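To keep things clear, I will list the structure first and then write my remarks on it.
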Amino acid sequence: NDQFIIYGKHIGKYKLIIFNRWGEIIYESHSIDNVWDGKYLGNEMPIGTYPWIIEYEGDSEKYKGPYRLDGSVTIVK
């Protein structure tokens, strides 16, 4: 896969943040339709593992939230 893609339903407010190993933000998105291509400032990131956090709320009272997920994405070449 060349892109880090998030899928979900009933998503209202949304934020994805990806960090480098020093905790600096290298990618931030407020739309679930945006994808990360493994680049920062136009340069490909080196092989490694990059932690991410997603914070979101549902689009109706049934799915209200807020919710928080975290994990990591690994770049291999």
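The values are calculated or read from the model by the stated rules, or taken from the named source; none is laboratory data. Note that this is a predicted model, so its numbers are computed, not measured. With ideal geometry, Cβ positions are generated from the backbone for all residues, glycine too; neighbour counts draw on all protein chains shown. Side chains are part of the model used for accessible areas, which takes the heavy atoms of the whole protein and leaves out ligands, DNA and RNA. Shrake-Rupley method; radii C 1.70, N 1.55, O 1.52, S 1.80 Å.
What the table below lists for this structure:
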| read-out | value |
| --- | --- |
| Hey, Ile47 open to solvent by 90 Å² or more (accessible area, probe 1.4 Å) and among the hydrophobic types (A, V, I, L, M, F, W, C) or not | yes |
| In the range 53-77, residue surrounded by the fewest Cβ atoms within 10 Å (Cβ to Cβ) [restricted to those that are hydrophobic (A, V, I, L, M, F, W, C) and in contact (Cβ under 8 Å) with a residue 40 or more places away in the chain] | Val73 |
